[in-house]
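Working notes, structure below.
The values are calculated or read from the model by the stated rules, or taken from the named source; none is laboratory data. Just so we're clear, the structure is a prediction, and the values are computed from it rather than from any experiment. Note: ideal-geometry Cβ built from the backbone for every residue, glycine included; neighbour counts use all protein chains shown.
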Amino acid sequence: MSGLLDARGCLTGAGLTALAASPPGLGPAEAAAHLAACARCQRRFLALAGEQAGGISAVPGTATAPPMWRTVLIVVAALLVVMTAVFAGRTLLG
């Protein structure tokens with residue numbers, strides 16, 4: 001076991017720092033291979049940068065459902081569009 005991985009097999013602080021300091025594609029192979037497969041270390045690596053870019057967050061968020069009134073409004077609007085199309089089609093075809 002090198003100094004880049006701890007007893008659990010996850011990256012140590014030194015491993016994360018070594019990856020962050022190296023140019024893309026030239027980091028320690030052992031650390032890069034682990035980072036590619038470990039979601040926990042990916043989150044820690046993103047948190048090390050301290051920013052959220054491109055829609056990627058270091059801290060997983062929770063999704064909230066849209067309000068019920070909005071869902072009902074969309075369903076009603078969709079039904080009105082379908083009913084209008086059916087009525088227009090019957091009128092045109094005679």
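Pull out all pairs, ordered by first then second residue, where Cβ-Cβ is under 8 Å, the residues are six or more apart or on different chains, the first lies in segment 45-70 and is within 24 Å of CYS10 (Cβ to Cβ), and the second is in a strand (DSSP E or B) and at pLDDT 80 or above.
PHE45/LEU11
Of GLY55, GLY50, which residue is under 15 Å from the mean Cα position of the chain (by Cα), modelled with pLDDT under 80, surrounded by fewer than 10 Cβ atoms within 10 Å (Cβ to Cβ) and of a type outside the set (Val, Ile, Thr)?
Going through GLY55, GLY50 in turn, just one is under 15 Å from the mean Cα position of the chain (by Cα), modelled with pLDDT under 80, surrounded by fewer than 10 Cβ atoms within 10 Å (Cβ to Cβ) and of a type outside the set (Val, Ile, Thr): GLY55.
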